[in-house]
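Contents: one structure, followed by commentary.
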Amino acid sequence: MLQLHQFPCLSDNYGYLLHDPASGETVCIDTPDADTYLREAAIKGWTITQIWNTHWHADHAGGNEAIKAATGCTITAPAGDAAKIAGVDRAVGQGDTVKIGEFTGDVIDVGGHTMGHVAYYIPRAAMAFVGDSLFALGCGRMFEGTPPQFWASLSRLKALPGETKIYCAHEYTASNAKFALHADPYNAVLADYAREVEERRAAGQPTVPTVLSRELAANPFLRADTPEMKARWGGKEPAETFAALRAAKDSF
Ligand code: ZN
Ligand code: FE
């Protein structure tokens, strides 16, 4: 089975090293900081062979060149963002696949935070690396895309199996929970979830990964297509309800 090493990086990013013991391959999911990644790989005794970037922001691709120079790894990055990402060997988009050993990852277009943002979903491991598209109890800021685009992106993630573990790129859950409780105040699943987040953070524990089924029940952005969210936030289409939620969060 694949092994995942998760570690804090920069101020609130998570670093991920994905290792396949059978082939000896190791993939960096994004590269917030080259030194941290190289050090963590060395501690594990893993040799980095690939980088999979989710989008072009520096806290996701800033370590590409230094890690490639140190290891000779190959870099896979989203086609839509590739012009802004250093060292890209292969540009990918919706429907493409990536490989670590015998494991296949599906590339999913989750544009909206940036135009080209992609997620990497490994069905056999029930893991999705979603960068800054979906967060625990939140979603990424819409820097480049449009509400219909971002909603379509989230809908692609919503369609994954409920047991999928969601590895997002930041520990933003506690502040996301505050907005979620404001957005969806009568949601009992959310209330329980928010309490648990508070406890975990008070104990210094991560709240990532989360599980898709739980996000489907509690994340207000994934619930933009529910009658409750429509009644509270308006919109004729889910994309409009999503737009209202996203705008409200931006100024919350
Ligand atoms: Zn970002
Ligand atoms: Fe980020």
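What is the sum of charges, Lys and Arg at +1 and Asp and Glu at -1, for the other residues whose Cβ falls under 10 Å from the Cβ of Asp225? Intermediate values should be presented prior to the final figure.
Working: positive: Lys158, Arg223, Lys230; negative: Glu237.
For residues surrounding Asp225, the net value is +2.
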P(r), alpha carbons of the stretch 1-58 - 10 Å bins starting at zero, rounded %: 24, 59, 16, 1
C-alpha center-to-center spacing [the stretch 109-157, the stretch 207-252] in angstrom: 14
Pairwise label distance in nanometres, Lys165 with Ala58, each label 7 Å out on the Cα-Cβ vector: 3.1
Accessible-area value, His113, 1.4 Å probe, nucleic acids and ligands omitted, Å²: 10
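Would you list Met1, Met115, Met142 from the most to the least accessible area, probe 1.4 Å?
Descending order: Met1, Met115, Met142.
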Quotient of Cα Rg and 2.2 N^0.38 Å for the stretch 1-128, N being how many residues it contains: 0.95
DSSP bridge orientation in the chain - percent antiparallel, rounded to nearest 5: 70
Debye-sum result for the stretch 163-252 in log10 I(q)/I(0), which assumes one identical scatterer on each alpha carbon, at q = 0.17 Å⁻¹: -0.72
The chain: angle of helix 238-250 to the longest principal axis, Cα-based, in degrees nearest 10: 80
Between 0 and 90°, nearest 10: helix 147-158 axis offset from the chain longest Cα axis: 70
Cut-off 15 Å between beta-carbons: net charge of the residues surrounding Ala82, Lys and Arg +1, Asp and Glu -1: -4
Computed accessible area, Lys158, all protein chains, 1.4 angstrom probe, square angstrom: 50
Packing rank of 116-126, 24-34, where each peptide gets the mean count of other beta carbons within 10 Å, highest leading: 24-34, 116-126
Translational diffusion of the chain, µm² s⁻¹ [Kirkwood Rh, Cα pairs; Stokes-Einstein; 37 °C; 0.692 mPa s]: 180
Reachable lysines from Lys236, criterion Cα separation under 22 angstrom, eight or more residues apart if same chain: Lys158, Lys249
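Based on the Cβ-Cβ distance of Thr104 and Ile43, what FRET efficiency does E = 1/(1 + (r/R0)^6) give at R0 = 41 Å, to the nearest 0.05? If you can, show how the numbers build up before the last one.
On the way: r = 28 Å, r/R0 = 0.68.
FRET efficiency, Thr104 to Ile43: 0.90.
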Per-pair calculated FRET efficiency, R0 = 22 Å: Gln6 and Glu65 via Cβ, rounded to 0.05: 0.40
Candidates per trypsin sites (Lys or Arg not before Pro) in the stretch 194-252, loop by DSSP, up to 13 other Cβ within 10 Å: Lys236
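Given R₀ = 45 Å, FRET efficiency for Ala83-Asp192 by Cβ-Cβ distance, to 0.05?
Values: r = 44 Å, r/R0 = 0.97.
Efficiency, rounded to the nearest 0.05: 0.55.
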Inter-site label distance for Phe143 and Asp250 at 7 Å from Cα along Cβ, in nm: 1.4
Vicinal HN-Hα couplings computed from phi for the stretch 59-66 (Karplus, 6.51 cos²θ - 1.76 cosθ + 1.60; Hz; Gly/Pro x): 7, 10, 10, x, x, 3, 5, 5
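Please give the contour-minus-distance gain from Ser23 to Arg232: 0.36 nm per residue of separation, less the Cα-Cα distance, rounded to one decimal in nm.
On the way: separation 209, 0.36 × 209 = 75.24 nm, distance 5.08 nm.
Computed gain between Ser23 and Arg232 is 70.2 nm.
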Debye intensity ratio I(q)/I(0), log10, the stretch 117-185, q values 0.16, 0.22, 0.25 Å⁻¹ (C-alpha model): -0.58, -1.05, -1.23
Gain upon complete extension [Ser213, Asp35; 0.36 nm per residue less C-alpha separation]: 60.6 nm
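The values are calculated or read from the model by the stated rules, or taken from the named source; none is laboratory data. Keep in mind the model is a prediction, meaning the values are calculated, not measured. Please note: Cβ atoms are built from the backbone with ideal geometry, for glycine as well, and neighbour counts cover all protein chains shown. Heads up: the accessible areas ignore ligands, DNA and RNA and are worked out on the full protein's heavy atoms, side chains in. Shrake-Rupley method; radii C 1.70, N 1.55, O 1.52, S 1.80 Å.
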